[in-house]
Every structure is written in structure tokens, then in C-alpha cells.
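S.K.: Supplied in C-alpha cells, the structure appears directly below.
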Amino acid sequence: MSKILLINPDPIPRVLPPLGISYIAEVLQKNSHKVEILDIGFEKKINLENVDFIGITATTLIYLDAKSIIKKIKKINPEIPIIIGGTHASILPDFVLKDSDADAVVVGEGEFIFLEIANKNIKAEGIIYAPIVNNLDDIPFLTYSYLDIKKYFNYEGTDRIRWSLPQPSIAMVGTRGCPYSCTFCASKSLFGKIVRFRSVENIMEEIDFLIKKHKIKSIYFYDDTLTLRKKWMDELCNELKKRDLKWICGTRVDAVDKKMLIKMKNSGCKYISYGVESGSNRMLKDVIKKGVTIEKAEEIIKLTDKIGIGIIANYMFGIPGETEEDLKLTLKAVKRIPADAAEFSIFIPLPGTELATNLDWTQYSSKENPYHVKSKIHTEEFSEKIAYYHSKSIKSFYFSPKFLMRQTKMIFRPKQLFFAFKSL
Ligand code: SF4
């Protein structure tokens, strides 16, 4: 039996437990290994007593946090092997192996490779390629017995949507992979274009366990596009309806129709998060390669609204090739499209995405990691325009009478209000 410490280096506490390392913990524990999850957002103290090896995960945005934790551990005890995995390491394994003090990098889905390492069949060194998990039902469902789940349930956070859902909530995925090729997204580099589905039966086993053990009342489905397969979705909705849960998911406007939306609503779907991205069809078609028009996005979002499902709309500003005309069109879309919440992000080139591949990285300079340097895609003058339209879109959204009227169905707490307006 090995003792394994799995670390989530994200310094910001989150309202939901980290999914990726929880899956690894579950596989290890089911196979008689001792596992603990350390979530740095909640607990900074690292206990290395009797630890045989450490796994640490990182997306691009928290890679530097992971790197400094690895350094700190190596100073305390250089003998304990450290394996880094997650999106950043999977896409840039050579860079991460050289750049960090980790002993090994796991590329891909880590569940069964970590088990091989714990069973001492594979050494924790160099780059280790994990085979894709073809049947997602082979991965045991999440029981969260290796972490203190109450701290997530009790953490208030800043998410307004969460407080309009019955609590406690839990995160879940029913699928892995996305067949689309949006140029800003790294999904296909990570999970491939072939979508794998858990069986509905397997998902329900997990949900029933979590209802019984942790009294969960709502679910965040973190799938890239939950509604891809109609028959599967139909089955999922039938089963969710029986459990009387509220749930939220993300999908594409061309992956739902009226019949499906009604079914989703009747089975407890409270919100759908849609990636609108841009109000400009030129950007959507030629640059983002989203495969949908702004008219289609508007039509489906209005239909979703009419059916009574809440909307979270996601917009992006500063995409390479964007002009002031495109930014104006996005601002207009923000004003037109109904939503209960919105995410307004400034484009960051992420490794593994088509837009990042096409960038000239020689423009970037950083001693640490080029992916953390602010994008130099646009001129200073145009960057100011991006900032202007970004801020104007946020203000137009939050101060519109339409938005304020919609808030009656959401629970506002003073802290949530503060964070909602802080970004203005
Ligand atoms: S943005 Fe969404 S739809 Fe597009 S590739 Fe990524 S996961 Fe798929």
C-alpha cells in the first residue's frame, strides 16, 4: 500500500471540490492505497509524513502556483517523487518537465497511470503517457471520502448562481471530449474529438450515493457540451426528474432544440451556460470557428428563456483579428441577449488551442512562463479599445433594467452583490 498526497494548487477557495484529482483519489482508494487531497485554497500547510509520492494538477492559469508548491516541497524533502498532471502539463510536457522541479509529467487522463505508479509497476520519472479511458464507467464514481466535503458546502464563495440553487451542490461530469473545434479552446487537445459518455445508470449511482451520504440537492454538470446525444440526454432527464434535483450545465446553442429544452426544464434544469463569444458573425465564422451565427445564438437563448431556464452567457473580448466594428457588435449582442449572469473574459492565448498555435511566441518574453504574460496580440491603442468595450459591456449588462428585473428569481447576498459589481 502506498500513501499518496494529491494537491490542488489553486490559491482561491472554490465552492466545489476539484474533480480531476478526486477521480484519481477514488481509483487509488478503491485499490487499497491511502490518499489525501490537499486543496491549497482552503489549507496551506503541507503534511509530508509517510507520503510515498505526490500528485499535483495544474491548468495553465495556476501552473505557476503548482511550480512554487513543488519547489517548496522539494526544499523540505527532495526524496519524495512529485508528479505533475492536468491540462498545462498534458499539453506542454517537455516544457513543464524542464521548467518545474517535478520528477514526472503525466500526459492525459491520470486515473489508471497513478494506480500503476502506486502499485510500483511504473516509476515516477520523465514523461508518462496515460492511455485514454475508453469506458468512463470503468472509473469509480466520486464518494469524496478523502477530503472534507463540508468545507466546500459551508464556503459561501462569490457565485450568485450557486445561491439560487438549493444547497448543497456538487460537481459532476457525464462525458469527456468535444467534437467541435473552436479555435480558443483546448478541449480537443486534452480529451480528443471523440466524445465518451458515462452510462446514465452509472451517473445515477453516483447521484443516489451523494444524495444519501451528503444530502446533495443540486448538481453542476461540468461537461464541455452535455446535450450532444439526444437519446442519452432524454434518459438522463428522465432519471434526474425522479430525484427532484436542480441542476445546471453548459452546452452549445446548436446542441439543443425546443423539445430537449422543455424536457431539461421539467427535469430540474435551472441554468444553461452558453458560449456566445462574439456578436460578430465574421469573428464567429472566420476566427473563432464556432460553427454558429449570432442570430442562432440569440434565437436559442430567447427560446431557453421563454421555456423558463435561466441563462449564463459567455463573451470574449480581444480575440486576434478583432476590429472595433466587431467589438461594437459584441456590445450590441450583450444588450440584446437575455441572461441571468454573464462572463466577460479578455482573450488569453492558451496552449493547445489553434489560436495559440498560430501566434508568434517570440513576441512574448517571460523568465517564468510565456503563457502567463499579458497578450501582446494587439497594439496598445487597440488594447485600450478592447478594455473600453469590455467594461462598457459589463456595465450595460449589470445596469440594464432587464437584468435587474430578472434578479428577483436569484438570491442576492450582500457579498455576492459586492463581487458582481467589483469587476465594473
Ligand atoms: S468551446 Fe465548447 S464547443 Fe467549442 S471546442 Fe471548446 S468545448 Fe467544444
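S.K.: Keeping all protein chains in position, work out how much accessible area Cys185 exposes to a 1.4 Å probe, and write it in Å² to the nearest 10.
M.R.: Number for this one is 50 Å².
S.K.: Considering only DSSP states other than H, G, I, E and B, which trypsin sites (Lys or Arg not before Pro) in the range 145-224 qualify as loop sites with at most 10 other Cβ atoms within 10 Å? Don't jump to the answer; show the numbers that get you there.
M.R.: Values: sites: Lys150, Lys151, Arg160, Arg162, Arg176, Lys188, Lys193, Arg196, Arg198, Lys212, Lys213, Lys215, Lys217; in loops: Arg160, Lys193, Arg198, Lys215, Lys217.
Those satisfying the criteria are Lys215.
S.K.: Heavy atoms only, probe 1.4 Å: what % of the accessible area of the range 3-129 goes to carbon and sulfur, would you let me know? Before the final figure, lay out the partial values.
M.R.: Details: 2830 of 5380 Å².
Carbon and sulfur atoms account for 53 percent of the accessible area of the range 3-129.
S.K.: For the range 96-154, rounded, prolate or oblate, judged on the Cα gyration tensor with a ≥ b ≥ c (square roots of eigenvalues), a/c < 1.5 rounded, else prolate if a/b > b/c? Walk me through the numbers before you get to the answer.
M.R.: Numbers: a/c = 2.21, a/b = 1.43, b/c = 1.55.
Oblate, since a/c reaches 1.5 and b/c is not below a/b.
S.K.: Got a sec? Charge dipole of the chain, +1 on Cβ for Lys and Arg, -1 for Asp and Glu; which of Ile207, Met264, Ile56 is way out at the positive end?
M.R.: In the chain, that residue is Met264.
S.K.: Quick check on the chain: helices-only [θ] at 222 nm, where DSSP H runs of length 4 and up contribute -39,500 (n - 2.57) each and the sum goes over total residues. Nearest 500, please. Kindly include the intermediate steps, with their values, before the conclusion.
M.R.: Values: 16 runs with 160 residues, N = 424.
Computed mean residue ellipticity for the chain: -11000 deg cm²/dmol.
S.K.: Might you list the cysteines of the chain that have no disulfide-compatible partner by the rule of another cysteine's Cβ under 4.7 Å?
M.R.: Cys178, Cys237, Cys249, Cys269
S.K.: Over 23 Å between C-alpha atoms is what I'm after, so list which of Lys188/Lys302; Lys259/Lys285; Lys241/Lys306 land there. Walk me through the intermediate numbers first.
M.R.: On the way: Lys188/Lys302 29 Å; Lys259/Lys285 27 Å; Lys241/Lys306 20 Å.
Exceeds cut-off: Lys188/Lys302; Lys259/Lys285.
S.K.: Less than 13 Å apart at the alpha-carbon level, and either on another chain or at least 8 residues along: which aspartates and glutamates does that give for Lys67?
M.R.: Asp10, Asp99, Asp101, Asp103, Glu368
S.K.: Of the cross-linked pairs Lys30/Lys242; Lys231/Lys335; Lys296/Lys332; Lys45/Lys246, which ones have a Cα-Cα span greater than 25 Å in the structure shown? Display every interim value, and only then the final one.
M.R.: On the way: Lys30/Lys242 29 Å; Lys231/Lys335 35 Å; Lys296/Lys332 15 Å; Lys45/Lys246 35 Å.
Listed pairs above 25 Å: Lys30/Lys242; Lys231/Lys335; Lys45/Lys246.
S.K.: Summarise the accessible area of the range 156-422 (1.4 Å probe, protein heavy atoms) by the percent that is carbon and sulfur. Walk me through the intermediate numbers first.
M.R.: Working: 6950 of 12380 Å².
Exposed carbon and sulfur together represent 56 percent of the surface.
S.K.: Treating cross-link reach as a plain straight distance, find the aspartates and glutamates whose alpha-carbon is under 12 Å from the alpha-carbon of Lys289, omitting any fewer than eight places away in the same chain.
M.R.: In chain and number order, the partners are Glu277, Glu354.
S.K.: With a 1.4 Å probe and every protein chain left in place, work out the accessible area per residue of the range 222-284 in Å², rounded to a whole number.
M.R.: Details: 2640 Å² over 63 residues.
Ligands and nucleic acids excluded, the figure is 42 Å² per residue.
S.K.: State the three equivalent ellipsoid semi-axes of the chain, derived from the C-alpha gyration tensor as the square roots of 5 times its eigenvalues, in descending order and whole Å.
M.R.: They are 34, 28, 20 Å, listed largest first.
The values are calculated or read from the model by the stated rules, or taken from the named source; none is laboratory data. Because the structure is a prediction, the values reported are computed rather than measured. Heads up, the Cβs are rebuilt from the backbone with ideal geometry, glycines too, and the neighbour counts pull from every protein chain shown. SASA here: full protein model, heavy atoms, side chains in, ligands and nucleic acids out. Shrake-Rupley method; radii C 1.70, N 1.55, O 1.52, S 1.80 Å.
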